[in-house]
2 protein chains.
Amino acid sequence: MSEIAFHFDFGSPNAYLAHRVIPAIEQRIGARFRYVPILLGGVFKATNNRSPAEAFGDIPNKRAFMELETQRFLARHGITDFRRNPFFPVNTLTLMRGAVAAQHEGEFARYVDIVFHHMWSAPKKLDAPDVIRALLEEHGFDAQRLLDRAQSPEVKQELARNTEASVARGTFGSPTFFVGEEMFFGKDQLRDVEEAFLGRGVRAGAG
Amino acid sequence: MSEIAFHFDFGSPNAYLAHRVIPAIEQRIGARFRYVPILLGGVFKATNNRSPAEAFGDIPNKRAFMELETQRFLARHGITDFRRNPFFPVNTLTLMRGAVAAQHEGEFARYVDIVFHHMWSAPKKLDAPDVIRALLEEHGFDAQRLLDRAQSPEVKQELARNTEASVARGTFGSPTFFVGEEMFFGKDQLRDVEEAFLGRGVRAGAG
């Protein structure tokens, strides 16, 4: 069996929606997704890509269809608490460095879950330092320690390396998944991720 | 059961790939897709959209992934004779008007099949009038009659109306499918089309 990796940034609503359905997939296939923090802004810069909001902002039919796809995904998976974040665009640099710091602190899974929730279900302005600090404290983290660590050269470099390595493997947006060397993109390809992991998917190309 | 409509333009490789797998879907679900000729250039103009080649031309990782998706689709469906058309971009105006004319002549299905094949499996420069004429004659059409009819005001207006009506329903690119009022986009959503037709899909939004 291959490893499944999930390259994510809290700023992506579709990464959040993937995060919400991953537990059910993990239960079905008996394997865990390895979450890899990357900086989506860095991916866009390195690949010359843009967010869907930017790229399709002036194509109303495309925007309406993306919204319909979101509604279908929510209905299919019974997700009733997804909210657009009114503070967007939210710069996620501190949050993503915080994710790497939380890995070092052994609090990664809980950090990811809480930050995603407060970005896309109980949305807050999560690029404001006082808002981040209050959120972490409210949930029992040592906020000072975590945020200090997030600013360490080691953590900064690790997030940058994660991002560069992801782009080198083919990433151009979010959410991106790898099953072994095979890349998949978008929440709607989670079905293909599952099939590929179970060996029922089609292997074509080098991935 | 709802009607399934397939809004297509010969210029779209993904419409061709959909066309190749539709017969197997029709056999599984016991229903026929209604093919609706539209002018993709008209759709792009009306919706402010562009072809993937244009939109993603300068995003190499995105281009590479789209190619990988194509290879996966070909492998999944056992399609071995797909070729990129070296004469692209090919203006499809005459071909699409010809499709409407072929509907009026009662030769639509055969015309669609032959033109798609010679665009994407045995690719030719299908915006050159002499190439179109020779192709139609070779396949036993009354080329003069069909091409004359393709230039009639009635046919020209019908193609324009098809295109406008499609955009009004939400179309922004190709291939686009409608199951009743529910819209689906892209060859990879044919699975959703099939599920929606069989009543297993999720109905969300007005489509």
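A few comments on the model shown:
- Any hit, the range A:31-42, residues being within 29 Å of A:ALA168 (Cβ to Cβ), small (Gly, Ala, Ser) and touching a Leu at 6+ places or on another chain (Cβ under 9 Å): yes
- The residues of the range A:1-39 that are surrounded by fewer than 16 Cβ atoms within 10 Å (Cβ to Cβ) and among the hydroxyl-bearing types (Ser, Thr, Tyr) amount to a single one, A:SER2.
- Among the residues of the range A:114-152, the one identified as among the acidic types (Asp, Glu) and closer than 18 Å to A:PRO89 by Cβ is A:ASP127.
- All helices (runs of 4 or more DSSP H) inside the range A:31-78 with 3 or more residues being at the interface with another protein chain (Cβ under 8 Å from one of its Cβ atoms), over 17 Å from B:ASP192 (Cα atoms) and free of Cβ contacts under 8 Å to residues at least 60 places away in the same chain: A:60-77
- Filtered residue count, the range B:132-157, keeping only those that are of a type outside the set (S, T, N, Q) and within 20 Å of the chain's Cα centre (by Cα): 8
- When A:ALA75, A:ALA99 are screened for being within 20 Å of A:PHE44 (Cα to Cα) and among the small types (Gly, Ala, Ser), only A:ALA99 passes.
Every number here is computed from the coordinates shown, using simple stated rules; none is lab data. Every value quoted in this text rests on a predicted model; they were computed, and no experiment measured them. With ideal geometry, Cβ positions are generated from the backbone for all residues, glycine too; neighbour counts draw on all protein chains shown.
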